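Structure first, commentary second.
The values are calculated or read from the model by the stated rules, or taken from the named source; none is laboratory data. The model shown is predicted, which means the values in this text are computed figures rather than measured ones. Methodologically, a virtual Cβ is constructed for each residue, glycine included, from the backbone with ideal geometry; neighbour enumeration extends over all protein chains shown.
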Amino acid sequence: MEATRIFDLLGHYEKTYGNVSDVLAVKREGKWEKFSLEDYRNMANNFSYGLMELGLKKGDKIATVSNNRPEWNFTDMGAAQLGVVHVPIYPTISTEEFEFVLEHSEAKILIVSNAILYVKLLPIVSKLPQFLGFYTFNPIEGAQNFKDIIQLGKENAHKHAEKLEEIKKTVQTNDLTSIIYTSGTTGIPKGVMLSHNNFLSNVEATYNMLPTKSGDKAISFLPLCHVLERMVNYLYQYKGIRVYYAESIDSIVDNMQDIKPDIFVSVPRVLEKIYDRILLKGKSLTGIKRKLFHWAVELALKFELNNENGALYAKQLAIADKLIFSKWRDALGGNVKYVIVGGAALQPRLARTFWAANIHVYEGYGLTETSPVVAVNQDIYPYIKFGSVGPIIDKVSVKIAEDGEILVKGPNLMLGYYKSPEKTTEAVDEEGWFHTGDIGVILEHNILKITDRKKEIFKLSGGKYVAPQVIENKLKESFFIEQAMVVGEGEKFAATLISPNYEFLHDWCSKEKIHYRDNIDLLENPKVIERYLEEIEKVNKTLGKTESIKKFALVCEAWTTENGALSPTLKLKRKVLKKRYKVKLDRLFGYTDQDGNLLKRDENGHLIPTGLINED
């Protein structure tokens, strides 16, 4: 591979693809603003010069809290070629987490995207003595702007250009280039230290797996501080794929109509929402169109790879494609062929459906600590399997421990946790194996299958183990269920909390002529409760007796990153949810009487009242 440091990607791009006019693009005030490779290089260089003029040197840290935009790349590249460490931070974390990360990382400069973040973080920055400057990407009255650094760099380029070239030569492939703080679903975030080689080894290993060509377009909306989107961002640049940044998560479909992308990166939840939206549109059809739509969906759910369904199925699929699936692709701009999915388990039915619609979904697996890809499904059979995360990538070794935990070793493995040698030692054993905390098996063709998170598997009081993620994914296959959390540690049975898919549920209630004042009233309706019981019983038929769901409770709230129920990578914050719904959980497991008195077990195992509890 020609590139050995992140900033080498620019030279490789110029040598291989020339000065492309829209290497990066973003929509602003209704128009797409495009940046050529020359623009990209000049902005990155001027940013480097600006940092040098401000006194930053190799090894210093700068932090960004931003939406996806070309300026993120200018910052990233400008820092990398100076040997400055980039600390990208999720905009959705708590104030306490912001304070911890900014202080712990020792960032000297912070750049945020908008006024909301500026106002939120100004009190924190004011308390940290190491800061040299607080900047914004958007123009904000009274705030220093990113362009001020660029202008400072332009004015002093003559002083620093030669020195920068000398510094670039000292930057080694195994040098630290970024610290990415984990989302902190279970405690204080850990700063994962990643080198140039960590990222680029992933780029090299996945380069030939993605059947794109130079000049293809990608739409980017998964946050660039997410390690998967970031690595793929580098992969795009290495492959000559033009990157267009969506205005927001809500404008994805409209932006797709504009740019007609060939590829994008997603987490399963986004694909689930796209699929749900397609199905809701199908339900609004009538007559023969409705019948054809549902016939096509049923056909898609039976899709198998390698034409295993035979010639008749292939002919039916071709008809469905012409009548139905082509319209799905048109809704996504008409050109989408590939979707890279990671961050959580993808329901196999979604993978089948999108493949049937000729949108190839490549589910993969990895962690921030593995920068990130460990395994990924490919475009060539048999190196793809629904329900798996695909073959382990080149130069990465995986073994399964005696307790089923997945252990990883390779050039993609992090340098360690920043300022936490004890946590690094806990995660990486003496032989260099990283303990992922995930449970899995290796199948034929070196294909990896994830079965659960080690720390989330729990034991019932009878001694039987339950893997909650497996059951949760089955529950979420129901159109009535947005999110589910399976619980039961130390209890006699497994139960689940369910956050309904309210859009679908309201539509169903309208057709069933079920009237309600609000969602609280709705969830107490016997017909609604009975309908959710039917969904749970469907899943129970696929489970063993001990792991089947015996009780459930519906919650009024959607679970989001904004209300703290989900991590920035859209994983359940189990501790948060258990605390938030303690009353509901106590009732599920019989720890309250019908008057609301909290019960506890005495030394003989009998439940006794301890006083009233408050639902609020």
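Residue-wise test of (1) in a loop (DSSP other than H, G, I, E, B); (2) within 23 Å of Q144 (Cα to Cα); (3) within 28 Å of the chain's Cα centre (by Cα).
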site: S21; (1), (2), (3): yes, no, no
site: E33; (1), (2), (3): no, yes, yes
site: N42; (1), (2), (3): no, yes, no
site: L56; (1), (2), (3): yes, yes, no
site: T64; (1), (2), (3): no, yes, yes
site: N67; (1), (2), (3): yes, yes, yes
site: G78; (1), (2), (3): no, yes, yes
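Taking E472 as the residue in question, decide whether it is within 14 Å of C556 (Cα to Cα), crowded, with 20+ Cβ neighbours inside 10 Å and charged (D, E, K, R). Can you show your working first?
Values: within 14 Å of C556 (Cα to Cα): no; crowded, with 20+ Cβ neighbours inside 10 Å: yes; charged (D, E, K, R): yes.
No, not satisfied.
Can you pull out the helices (runs of 4 or more DSSP H) entirely within the range 199-301 that have at least 1 residues that are under 26 Å from E29 (Cα atoms) and of a type in the set (A, V, I, L, M)? If you could, list the steps in order and put the result at the bottom.
Values: elements: 227-239, 252-259, 268-283, 287-301.
Ranges flagged: 252-259, 268-283.
How many residues are of a type outside the set (V, I, T), free of Cβ contacts under 8 Å to residues at least 40 places away in the same chain, part of a helix (DSSP H, G or I) and closer than 20 Å to P372 by Cα when one looks only at the range 419-441?
Result for the range 419-441: 1.
Got at least one residue in the range 162-176 being closer than 25 Å to T569 by Cβ, surrounded by 15 or more Cβ atoms within 10 Å (Cβ to Cβ) and modelled with pLDDT of 95 or more? Give the steps one after another, and end with the answer.
Start the filter on the range 162-176 by keeping residues that are closer than 25 Å to T569 by Cβ, which leaves 176.
Imposing the further condition that a residue be surrounded by 15 or more Cβ atoms within 10 Å (Cβ to Cβ) reduces the set to 176.
Those left that are additionally modelled with pLDDT of 95 or more: 176.
So far as the range 162-176 goes, yes, one or more of its residues are closer than 25 Å to T569 by Cβ, surrounded by 15 or more Cβ atoms within 10 Å (Cβ to Cβ) and modelled with pLDDT of 95 or more.
Just name the residue that is surrounded by the most Cβ atoms within 10 Å (Cβ to Cβ) out of those in the range 240-264 that are closer than 18 Å to L210 by Cβ and touching a helix residue (DSSP H, G or I) at 6+ places or on another chain (Cβ under 7 Å).
Only one residue tops the list, namely Y244.
Let me spell it out: the conditions are (1) among the polar types (S, T, N, Q); (2) under 25 Å from A161 (Cβ atoms); (3) modelled with pLDDT under 95, and T92 meets all of them except one. Which number is the exception?
With (1) among the polar types (S, T, N, Q); (2) under 25 Å from A161 (Cβ atoms); (3) modelled with pLDDT under 95 applied to T92, the lone miss is (2).
When you go through (1) assigned by TED's automatic domain parsing to the domain that holds Q130; (2) closer than 21 Å to L235 by Cβ one by one for K57, which number turns out not to apply?
All conditions pass for K57, except number (2).
Would you point out the residue of the range 543-586, among those that are aromatic (F, W, Y) and part of a loop (DSSP other than H, G, I, E, B), that is nearest to the chain's Cα centre (by Cα)? So that I can check it myself, show each step before the final result.
The initial filter retains those residues of the range 543-586 that are aromatic (F, W, Y), namely 552, 559, 581.
Then keep just the ones that are part of a loop (DSSP other than H, G, I, E, B); that gives 559, 581.
Details: W559: 15, Y581: 25 Å.
Filtering the range 543-586 for residues that are aromatic (F, W, Y) and part of a loop (DSSP other than H, G, I, E, B), the one nearest to the chain's Cα centre (by Cα) comes out as W559.
Within the range 475-484, which residues are buried (at least 20 other Cβ atoms within 10 Å of the Cβ), part of a loop (DSSP other than H, G, I, E, B) and under 20 Å from the mean Cα position of the chain (by Cα)?
Within the range 475-484, just K476 meets the criteria.
Of the residues that sit in the range 170-198 and are assigned to a loop (DSSP other than H, G, I, E, B) and polar (S, T, N, Q), which one is farthest from R5 (Cα to Cα)? Can you show your working first?
Our first condition is that a residue be assigned to a loop (DSSP other than H, G, I, E, B); within the range 170-198, this holds for 171-175, 182-190.
Narrowing further to those that are polar (S, T, N, Q): 172-174, 182-183, 185-186.
Values: Q172: 7, T173: 5, N174: 9, T182: 23, S183: 26, T185: 31, T186: 33 Å.
The selected residue is T186.
Look through the range 305-336, keep the residues that are touching a residue at least 40 places away in the same chain (Cβ under 8 Å) and under 30 Å from I471 (Cα atoms), and return whichever of them is surrounded by the fewest Cβ atoms within 10 Å (Cβ to Cβ).
Among those residues, the one meeting the criterion is N306.
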